[in-house]
1. Among the listed residues Arg21, Arg15, which satisfies the condition of being within 16 Å of the ligand (Cβ to nearest atom) and of a type in the set (Lys, Arg)?
2. Out of the residues in segment 133-156 that are within 16 Å of the chain's Cα centre (by Cα) and modelled with pLDDT of 90 or more, which is surrounded by the fewest Cβ atoms within 10 Å (Cβ to Cβ)?
3. Consider Pro93 against the criteria (1) within 14 Å of the ligand (Cβ to nearest atom); (2) free of Cβ contacts under 8 Å to residues at least 24 places away in the same chain; (3) closer than 21 Å to Pro5 by Cα: it satisfies all of them except one. Which criterion is unmet?
4. Quick one: how many residues across segment 23-35 are surrounded by 22 or more Cβ atoms within 10 Å (Cβ to Cβ) and closer than 13 Å to Leu97 by Cβ?
5. Do we have any residue at all in segment 53-74 that's more than 16 Å from the ligand (Cβ to nearest atom), closer than 27 Å to Lys132 by Cβ, part of a helix (DSSP H, G or I) and not acidic (Asp, Glu)?
6. Could you list, ordered by first residue, the pairs with Cβ atoms under 6 Å in which the first is in segment 111-134 and over 20 Å from Leu97 (Cα atoms) and the second is within 16 Å of the ligand (Cβ to nearest atom), at least 6 apart or interchain?
7. So which residues in segment 99-128 are assigned to a loop (DSSP other than H, G, I, E, B), surrounded by fewer than 15 Cβ atoms within 10 Å (Cβ to Cβ) and either within 13 Å of the ligand (Cβ to nearest atom) or among the polar types (S, T, N, Q) (or both)?
Amino acid sequence: MITPPRFAADVMLGRTAKWLRMLGFDTLYDNRAADDILQELCINENRFLLTKDVALHHAMPSGTSCLVQAVSPRQQIKEIVSIFRLDRFVLPPRCPLCNGELAAIDKTQIKDLVPPYVFRTQTRFQQCSLCKKIYWPGTHLQKINLTIENIRRLSD
Ligand SMILES: [Zn+2]
């Protein structure tokens, strides 16, 4: 099996980074990260840099960064999916907020962490391993799945 590529997105690509995470790709994004930190991270952690910045793109070793041409986030995700052939991979979604992995969590452990109505009506929950945000099918996960479907359709 081919390992899915890992990414780091520059400050211009916040929305696109969230979508990549929802598609399950490990994508670093920090809108306060300076260019040199970003560069170092990519090299040390073997990540492709996704950037809108021509100078930054040229400062990266050849083949380690992708100069994103599209303007809108929808077209950007389409471009990235096509360049890296991301449609080969079907991955579990990651937390769009922080890039953490989501894991199933037992209902009894989250009683105080979700609204009472949600607790009463939902049975399956997932939790982000990093920021601890709880996801459930009724809202977030459904939204994530819809986003994934939309992105898949875009890349057909
Ligand atoms: Zn998270």
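The values are calculated or read from the model by the stated rules, or taken from the named source; none is laboratory data. Small disclaimer: the values here were computed from a predicted structure and weren't measured. FYI the Cβ positions are ideal-geometry reconstructions off the backbone, even for glycines, and counts take in every protein chain you see.
1. Checking each option against the conditions leaves just Arg21.
2. Among them, the one singled out is Lys133.
3. It fails just one condition, (2).
4. Residues of segment 23-35 surrounded by 22 or more Cβ atoms within 10 Å (Cβ to Cβ): 23, 25, 27, 29.
Now restrict to residues that are closer than 13 Å to Leu97 by Cβ: 27, 29.
Qualifying residue count, segment 23-35: 2.
5. Start the filter on segment 53-74 by keeping residues that are more than 16 Å from the ligand (Cβ to nearest atom), which leaves 53-74.
Checking the rest, the ones that are also closer than 27 Å to Lys132 by Cβ come to 73.
The next check asks that each one be part of a helix (DSSP H, G or I); those that pass are 73.
Checking the rest, the ones that are also not acidic (Asp, Glu) come to 73.
The answer is yes; a qualifying residue exists.
6. As it stands, the answer is Gln122/Trp136, since those pairs meet every condition given.
7. Here is the first cut: in segment 99-128, the ones assigned to a loop (DSSP other than H, G, I, E, B) are 99-100, 106, 110, 114-115, 122-124.
The next check asks that each one be surrounded by fewer than 15 Cβ atoms within 10 Å (Cβ to Cβ); those that pass are 106, 115, 123-124.
Scanning segment 99-128 gives a single hit, Thr123.
Rundown of residues vs (1) in contact with a Lys or Arg (Cβ under 9 Å, 6 or more places away or on another chain); (2) over 15 Å from Pro5 (Cβ atoms); (3) outside the structural domain of Gly14 (by TED's automatic domain parsing), yes/no style:
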residue: Gln39; (1), (2), (3): no, yes, no
residue: Thr64; (1), (2), (3): yes, no, no
residue: Gln69; (1), (2), (3): yes, yes, no
residue: Leu97; (1), (2), (3): yes, yes, yes
